[in-house]
Amino acid sequence: MADAPSSPAHQRLRALGALLLAVIVVVMPIGGLPAQAAAGDPWDPAQAIAFQLAGGTLYKMTTQSDGTVLYSVEGTPGPFNSLVLNPLDGYLYATSASPSNHVLKIGQGGVVVNGNVATLPADSNDANPGSTFIAGAIDPTTGAMYVGGTSSLMTSLSVVDLVTGTVTGLSLSQGIAGSADLVWQGGLLWTVTSAGELIKIDPITGAVIPVKASALPSATSCGSVRIYGAGYALGNGNLVWIDNCSGRMYQIDMSSPTYHYFSMGDGQANANNDAASSLGSPTDLVVATCGPGQGTCLAPAGSNTPLTSYPIGRDPASRYAAGQQLTYTITVRNDGPGLSSGSVTTDTLPPGTTFVSSSNPTCTATGSTIACVSGQLAPGASTSYPITVLVAAGTSGSLTNTVTVLGNEAETDTKDNTDTHTADPQPPHPTVPRLSMDKRVASVDDVNRNGLTDTGDEIHYEFVVKNSGTVSLVDVAIDDPMLVLVVCRTTTLAPGASTRCRPHATYVITQADVDVGGIRNVATATGKTPSRTPVVSLQDSTFTSTGQKSAMSLAKGIRSIIDMNGNGMVDVGDTITYEFLVKNTGTVTLRGVAIEDPKLVGAGIGVGCPSDALAAGESVTCVAEEPYVVTAADVAAGGVHNAATAKARPPGGGPGGPGGAPGGVRVDAPQALSDVPTKERCFTISTTTRRSAVCSASPASSLPSVGMPSGLPWVALLGVTFLGAGAVLAGGGSRVRRPRRRPAGSGH
């Protein structure tokens, strides 16, 4: 691996790749020596290190864990070429054309330890005798350095004993055209021509043996240059060659009978460069592939252990669906003992799948084979990345994915370098007809604008119906006994589709709804399969609370006063007939309406009400069953004072009438009062709101003898009006009348 002369006839481009793909290049300045190393010291050949000569500047390349390459400048520029690394002493060796062809020994920091290890004869290859040497390789067992000249036609090599400085010539059995570098592997020298032909050379006899034509693609052209300018051996026994003009790096599998090659990605297409590297220490790389049911693979711990003893391969939870994507996870682990400078994972996809993407940007697809580069891995470290593939429609049966890892270094255990993962097809979906429904109250209109949800208000319902099964449904409808007609936007639903339904009219709240505290509406969605099989959803219900208010008012009136002795005054023996107006001023129906009047009860007089129940806003008039007879005590007190209370029972309450169960829930109207003065012709009847004067202008004998007709509303007869809750009389009074005289002989 060496530079070409700078003359136009021999100037060429040579791209150097590190042991791995280098996507990002980081250049470090001079002075990056480890603290324990001194300038001029040898490098550790057990470490994976690569060097590049670019324009005479020496760079040390270190592959990072993410696959990038760190370039550190080593020393000052010089006219170096044919770079090799001697694993026997850890020093770099190179040829120099100035002042004459000789071999240099280079240590850390780019320090030239020995400026003239050996003097080389003028290169006599091809038609340019005296040109500089550009190709170099080293026998790792003996330390013999092999150098060659121009790429036009290589006919001989020079062999340098790096210990004694002795140089001997090796004639080749035939000239090699288009060769620009040499690599030692397996006791032989190897080269690749610009046409991609792989050739081996016997280092003892110089026999040239073509191995495989088109082992690599033909090198690309850039001007007059078309060569593989650099090659090196990996610890795994394979060879890496770099296309100068494209920078494409190829690795040839030397263990394959067909010398299979695969791409390692793109290196740098730099002019006038050369490279050398160490093989590093052996490693044990383990690879695992698993499916979506397993997530990140867990590589087995411990060296020399086959994957077959770990539950990593077939994953029963991994299923694929034809026509959809499937993601595998690849894990590479270094079980040591050495540092892995990098690796290439080859994923052989199962038939019926095609590569889609990976988070590893180095992954490239060639047909059904995916090659991905992993970066540096210390012993015990691992890296994982997904590979997503598309499963072709119509694919059936098990899909077996096979992954193989190939590290740059020698492998101590190859049994765990391959893993497989099998994904089975998803079972066919059963045909399941299913409907789901979500019922909700969209809004409530307060029709009477009282701020309550009560009788007469209107509820707007809406329904969302979804086909939650796996078969299409038709004739989708809503079954709601409380609503007359519910209309759906569509009556045909594919699996997963939904529709919105609304009733043709609102629901009007009834008094019965208010009495029970709310409206519970239960509905179901219905439909049919294409074969007309009925499908019914689960019931869904809503509950709309109503505003329950229990209240009533009582107005007490006097239906009549009869002057039994005809003296024109209210006195002992006269009778008073009472009546009571009860009104439901709340929002719920009241039952068990009754009057509690202690004065009438004490006189043994009951009060009858024509109706037991009062709806909201309704009224009922209750009348004393017998007249009250004025007593001497009433006259002594100056009048008849009477107070009464109305009682009722709200929904869910206890008895409301007299004698109701203790603790029962009752509604009490405010107390109503009435006062009738005695011994006055012109007297005042007191109510709970005001006192009104009622005077008779005629003597008692002149009072009409005909009494009031019974059964007529006293409001009309007496001119009494009712006020609100708790009021008895808003105005007016009472007329006094004498008892009707019966004709003689009329009987009882």
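Once amide H atoms are built 1.01 Å from N in the peptide plane, which residues 5 or more positions from G469, or in another chain, come under 5 Å H to H?
R434, G496
How would you rank 176-182, 473-479, highest first, on the average number of other Cβ atoms within 10 Å across their residues? Before the final figure, lay out each step's value.
Values: 176-182: 23.0, 473-479: 18.9.
Top of the packing list down: 176-182, 473-479.
Once the other residues with Cβ under 15 Å from the Cβ of T491 are scored (Lys, Arg +1; Asp, Glu -1), what is the net sum?
Numbers: positive: K466, R489, R500, R502, K528, R532; negative: D475, D479.
Here the count lands on +4.
So how do 490-498, 189-197 stack up, highest first, on mean other-Cβ count within 10 Å?
Numbers: 490-498: 14.7, 189-197: 22.2.
Ranked by mean Cβ neighbours within 10 Å, highest first: 189-197, 490-498.
Read phi for every residue in the stretch 408-417 and hand back ³J(HN,Hα) as whole Hz from Karplus 6.51 cos²θ - 1.76 cosθ + 1.60, θ = phi - 60°, with x for Gly and Pro.
5, 8, 5, 9, 7, 8, 8, 5, 9, 8
Among the lysines, which have Cα under 24 Å from the Cα of K105 when same-chain residues fewer than 8 positions away are ignored?
Within the straight-line cut-off, K105 pairs with K60.
From the backbone phi of the stretch 332-339, what are the Karplus-calculated ³J(HN,Hα) couplings (6.51 cos²θ - 1.76 cosθ + 1.60, θ = phi - 60°) in whole Hz, Gly and Pro given as x?
10, 10, 9, 8, x, x, x, 7
Which of the peptides 598-605, 623-630 is most tightly packed, and how do the rest follow, going by the mean number of other Cβ atoms within 10 Å of each residue?
Working: 598-605: 13.5, 623-630: 18.0.
Result, highest mean Cβ count within 10 Å first: 623-630, 598-605.
Would the stretch 577-634 count as rounded, prolate or oblate if I go by the C-alpha gyration tensor, calling it rounded below 1.5 in a/c and otherwise prolate when a/b exceeds b/c, oblate otherwise? Mind showing how you got there, number by number?
Details: a/c = 3.02, a/b = 2.94, b/c = 1.03.
It comes out prolate by the Cα gyration axes.
Report ³J(HN,Hα) in whole Hz for each residue of the stretch 493-498, in order, from the Karplus equation J = 6.51 cos²θ - 1.76 cosθ + 1.60 where θ = phi - 60°; Gly and Pro get x.
With the stated coefficients, the stretch 493-498 comes to 10, 7, x, x, 7, 9 Hz.
FYI, it's all coordinate maths here, none of it is from the lab. Please read these numbers as outputs of a predicted model, since none were measured by experiment. Glycine gets a Cβ as well: all are built from the backbone with ideal geometry, and neighbour counts include every protein chain shown.
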